[in-house]
Structures are given as structure tokens and as C-alpha cells.
1. Which residues, taken from segment 155-198, are open to solvent by 40 Å² or more (accessible area, probe 1.4 Å) and under 19 Å from His130 (Cα atoms)?
2. List every residue pair whose Cβ atoms lie under 7 Å apart, where the two residues are 6 or more positions apart in sequence or sit on different chains, the first residue falls within segment 74-91 and is more than 14 Å from Thr60 (Cβ to Cβ), and the second residue, located anywhere, is open to solvent by 20 Å² or more (accessible area, probe 1.4 Å) and part of a loop (DSSP other than H, G, I, E, B).
3. Which condition number does Val37 fail, the rest of (1) in contact with a Phe, Trp or Tyr (Cβ under 8 Å, 6 or more places away or on another chain); (2) surrounded by fewer than 17 Cβ atoms within 10 Å (Cβ to Cβ); (3) of a type outside the set (Gly, Ala, Ser) being met?
4. Working carefully through the options Leu78, Leu125, find the one that is open to solvent by less than 60 Å² (accessible area, probe 1.4 Å) and under 16 Å from the mean Cα position of the chain (by Cα).
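The values are calculated or read from the model by the stated rules, or taken from the named source; none is laboratory data. No experiment lies behind these values; they were computed from the predicted model shown. Heads up, the Cβs are rebuilt from the backbone with ideal geometry, glycines too, and the neighbour counts pull from every protein chain shown. Protein only, heavy atoms only, side chains kept; ligands, DNA and RNA dropped before computing areas. Shrake-Rupley method; radii C 1.70, N 1.55, O 1.52, S 1.80 Å.
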Amino acid sequence: KAEVIYKQVLQAEPDNFDALHLLGLVARQFGNHEIAVGLIGRAIKLNPRVAMFHNNIGETYRTMGKLDEAVSHCNRALVLQPAFPEASYNLAMALRSLAKLDEAIANFEQAIRGKPDFIEAYIGLGETLHKQRKAEEAIACLQKGLSILPNHPALLCSIGIVLNASGRKDEAIEHYEQALIVHPNVPELSYNLAAVYRDQGK
């Protein structure tokens, strides 16, 4: 329904950059990333000074695996709007995929400073610290996220993964068993618990 409305707007106003941007987001939700880039790109040509446009095309490029383009647009979004936690997060995710872990960490931290309840940023930061073999820092970060949302499934999964990888397998088992009491139907928790048991020869 939204797609129909945006197209009607564009029939009346072909250069309506807001409608182009929003139609691009609809295309991305449908998985049509090339179309999304084309539409949001047209919006940027018409109005290049909207940070949200650059952030959303950057995230679309990241989803497509075009990481350099993603970094460029997310950086542009942050030039236009320095306090933009979502752009910092999207930039961090792209940088992590480029193995620029220190830069990724700095941007995850920036995202959290701007939005202290940004759960996805806690997960991203924790996983990146884990990649740097900073297990205790990773666990502390993820636990801080859990202090905000105590039963968040992705946070629970991530902490268990770090515990297991750090050799703290008994703690990982206890953690997953407790998490499954709250989320008995989250397959990732059952899978990760099974993996720990497998590693123990059980």
C-alpha cells in the first residue's frame, strides 16, 4: 500500500525526493536492492544534504556487499549530521566486514554514546571485541546490553558464544540452559547449547 501511495506522489511530483527515498526503502524491504539504490540515489542527486538518505543508501550498499560505497555514504551522513547513532552503527558494521576492527569499535562506541539503549550496537561491539580476542571486554559489553534488555535473545546468544570460545564451557552451558527457560523456542540458543555439549564430547 505504501508503494502505491509513493508512486502516486511521484506521478504528480517526479522530483519529490522524500517520495523517492521512501519508495527506495520499500524496494529494499522487498529485497530489490539495485532498485533501492537507484531510487535513493535519485533522491540524493535532488537533495544531497539529507543525512538519512546517505545512511540508508549506505546500509543498502552494505547489504549488497559493496562495502566501500557503504563506508563512503555513512561517512557522508555523519558529516552532515554528526550525532546520528544509526549511521555510526552502519559504518561500524561495514568497517568490521572490511576487517578494520579498531575503527569499527570506535563507531560502535559512538553509536552507544548517542543512543545508550542501542542493543544492536552492544551486540556489534561485543562481537567485534571478541574477534580481537578481548573476551572479558566483550562479555562486559554484552552484559551491559542485558542490563537494558535482560532477556534479549541475540545478546544471550552472543554472551554464550564468547564464554564457550574462551574455554568457559560450563558457564556457557549454564548460561544457555537459563536462557532457554525464558526462550524455549529460540533455535539459536538450542543450537549453541548443542555445540558446547558436542565440544565436550557429550
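1. Passing the criteria: Ile161, Ala165, Ser166, Gly167, Arg168, Lys169, Asp170, Glu171, Glu188.
2. Close Cβ pairs satisfying both conditions: Leu80/Arg49; Pro85/Lys115.
3. Answer for Val37: the failing condition is (2).
4. Leu125
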